[in-house]
Amino acid sequence: MDLTTLVVNVARDILAAQTLAQVVAIMIGIGYCAHALTQAMKKTAAPGADISGAKLFASFFIGALMLHFAGAMGHLWASMSGASAVHFGMVSYDGAAHAGAFKPAINAALTIVSTFGWWYGLKGFTLLRRASGGQGGGYEDTAWKGFVHILGGAAMINITTMLDAFKETAGLVF
């Protein structure tokens, strides 16, 4: 088995991780929304409780975004690039046609990058939720880390569009 076949097989096997990331995001989103609702009920039951309304809203809002994770990543990508398509499945990059025999390996590697983008975006939303709760202080800025993870995840999911934009910006021809 050569390296190209190995990378293509890994990419085919890793495709299920894209769906898994979306299902995990939905489950975490349900948990965030449920936690926000139970905290809101505690706040109304005991008005003097030390529960922030802004924290509840942020937790519920992030949970709602995670419930619609694929759509949220798609809308984020549309606001960043103007292209509204979010890629699922095997990536087919037009620029890989010039690579000849390495075209399947390049497309497979880009598929793996795209799959990691879903998980990267998911981590960004969880970091953002942690920052909204006041956790993650000290030297690390959890909110900015979350935003960078979300933006980076959207860029990784749409890696072919990112490569085309980089090619056009740098004036490269390949």
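The values are calculated or read from the model by the stated rules, or taken from the named source; none is laboratory data. Computed from a predicted model, the values in this text were never measured in an experiment. Because the Cβ atoms are built from the backbone with ideal geometry, glycine has one as well, and the counts that use them run over all protein chains shown.
Hey, can you tell me all the residues within region 140-174 that are of a type in the set (Phe, Trp, Tyr) and part of a helix (DSSP H, G or I)? Listed by number, the residues that qualify are Trp144, Phe147, Phe166. Among the residues of region 131-173, which ones are within 16 Å of the chain's Cα centre (by Cα) and either surrounded by fewer than 17 Cβ atoms within 10 Å (Cβ to Cβ) or on the phi > 0 side of the Ramachandran plot (or both)? Once the filter is applied, which keeps residues that are within 16 Å of the chain's Cα centre (by Cα) and either surrounded by fewer than 17 Cβ atoms within 10 Å (Cβ to Cβ) or on the phi > 0 side of the Ramachandran plot (or both), region 131-173 yields Ala143, Trp144, Phe147, Val148, Leu151, Gly152.
Within region 89-111, being buried (at least 18 other Cβ atoms within 10 Å of the Cβ) and in contact (Cβ under 8 Å) with a residue 40 or more places away in the chain holds for Val91, Tyr93, Ala105, Asn107, Ala108, Ala109, Leu110, Thr111. Residues in region 20-75 that are β-branched (Val, Ile, Thr) and closer than 26 Å to Met156 by Cβ were compared, and the one that is surrounded by the fewest Cβ atoms within 10 Å (Cβ to Cβ) is Val23. Scanning region 80-88 for residues that are within 16 Å of the chain's Cα centre (by Cα), at pLDDT 90 or above and in a helix (DSSP H, G or I) turns up nothing.
So that you can scan it fast, the table gives a plain yes or no per residue for (1) within 24 Å of His87 (Cα to Cα); (2) of a type in the set (Gly, Ala, Ser); (3) modelled with pLDDT of 95 or more; (4) in contact with a helix residue (DSSP H, G or I) (Cβ under 9 Å, 6 or more places away or on another chain):
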{"position": "Leu3", "(1), (2), (3), (4)": "no, no, no, yes"}
{"position": "Gln22", "(1), (2), (3), (4)": "yes, no, no, yes"}
{"position": "Gly29", "(1), (2), (3), (4)": "yes, yes, yes, yes"}
{"position": "His35", "(1), (2), (3), (4)": "no, no, no, yes"}
{"position": "Lys43", "(1), (2), (3), (4)": "no, no, no, yes"}
{"position": "Ile51", "(1), (2), (3), (4)": "no, no, no, yes"}
